[in-house]
1. Tabulate in residue order the Karplus-calculated ³J(HN,Hα) for region 134-142, using 6.51 cos²θ - 1.76 cosθ + 1.60 with θ = phi - 60°, rounded to whole Hz; enter x for Gly and Pro.
2. Between Thr295 and Ser206, take the C-beta separation as r, use R0 = 30 Å, and let me know the FRET efficiency to the nearest 0.05.
3. Could you calculate the contour length gain from Asp284 to Asn161, that is, 0.36 nm times the residue separation minus the distance between their Cα atoms, to one decimal place in nm?
4. For Lys296, which aspartates and glutamates qualify as cross-link partners when the Cα separation must be under 18 Å and same-chain residues fewer than eight apart are set aside?
5. What's the extension gain from Gln121 to Asp332 if we count 0.36 nm per residue and subtract their Cα-Cα distance?
6. Taking H as built 1.01 Å from N, whose amide H comes closer than 5 Å to the amide H of Ile77, not counting residues under 5 places away?
7. Report, to one decimal in Å, the Kirkwood hydrodynamic radius for region 258-382 based on all distinct Cα pairs.
8. Collect residues whose amide H, placed 1.01 Å from N in the peptide plane, falls under 5 Å from the amide H of Gly105; neighbours closer than 5 in sequence don't count.
Amino acid sequence: MSKKWTRRSALGLIGSGAGLLTWGTGGFTEVQGSRDVFLDADNDSDALLGLDGTSVSGVDGKRVSLTTLTNRFDEDITNVTVTLDTLDPPLTIVQTPSKLPANGGTGDITAELDCGGSTGQENVDITITATGPNQSVELQRQFTIDCVEPRVSYWDFEQINRTTVPDVWDSGTLPVNNGQRSSFSFSFSESTFYRPSVRQDQTRGSHLDFSQTSDPVEIPDDPSLDPTGEFSLSVWAYLSSSQTGLSRLFSKWNGGSAGYQFFIASGEILNEAQSDELAIETQDDFVLTGMTLATKTWTHLVWSHGSSNDTVYVNGSKVYDQPALDDPAPSDSSLLLGNGPDGPWSYDGYMDEPKVYDIALTDSQVQNLYDTSEGGDGGSLT
């Protein structure tokens, strides 16, 4: 014989001090009244203490809502404690609700992800204890923590559809920043051509050829592309010839004092520059890195802008590491790949897999990214 227990009957049982009752086969849930009575309730949608979700996703260091608690007792919950039962979990608890009002009050448990440079999913056993003046509840649940790479946007040039250059990485929380390339038609044949054109080789697969055009890939302005603190830019570049002027790889610059640029300088414009020398710029201040690039070979380039230093890497190796330029000021300009907003000095070469990250990549992350993307794949930081 079985009996269905409602929340009302459960509270009545707690108040009466009746004997121990358990049911269900899910995660054990313990409800304790003032007379040491325990109930089991494994369905969080109907439980006396409800949980809204047991999985979170984010980048290392991000603060997230681990779950939302709902109090279905007839008295306030005045204390919530959280115990992480898994050794070395990829998160720390930052804040718990100070009070959950009776009969439906809600509050979030906030955590900070501590991924240790790793990505992927990990299960964490967590015990949540909530207490009020006369009763308490203890929940034991397994949460799934998904540590993801801190990429903002990634254009792999493998899925281009006419003028659309897709941002193929969707973090789930940021906009998808698709780019556009230009097109023109010959009326006598009705053929349409697109610039920059798609090129193929056995090493990199599909990539874009900027050597025959001054037209950039234009990604419309979005706050996610306007870092005002740490960020990193990554790209594979193949210089078709020695560059002239200021060959912009990335340019989100308003022509004045807002934005950032990662470019290749030459003495034609900057007298102090060597031929094909990497340069970085934020606001209206630029520095030459002292690193010159070889032509007619694929090279992996990363600029990591941190709180204290700017670091530039070539093929995974650090080639520049100096006190940081000022953080970029927000720019309402589009992000341009392959040119800038202010002149004819376009990049002369091929480009593949440009990426924007919202952290300053570390030495090991850059090395991993180089090692795992050298064969033409997107690569990873771990």
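1. Coupling constants for region 134-142: 10, 8, 9, 9, 10, 10, 10, 9, 9 Hz.
2. That pair, Thr295 with Ser206, gives E of 0.90.
3. My answer for the length gained is 40.8 nm.
4. Within reach: Asp201, Asp209, Asp276, Glu277, Asp348, Asp352, Glu353, Glu374.
5. Gain on stretching Gln121 to Asp332: 72.4 nm.
6. Leu100, Ala102
7. Its Kirkwood hydrodynamic radius stands at 15.4 Å.
8. Amide H neighbours of Gly105: Asn71.
Read-outs throughout are calculated quantities, based only on the coordinates presented, and are distinct from any laboratory measurement. Keep in mind it's a predicted model, so treat the numbers as computed, not measured. Reconstructed Cβ throughout: ideal geometry from the backbone, glycine too, with neighbour counts over all protein chains shown.
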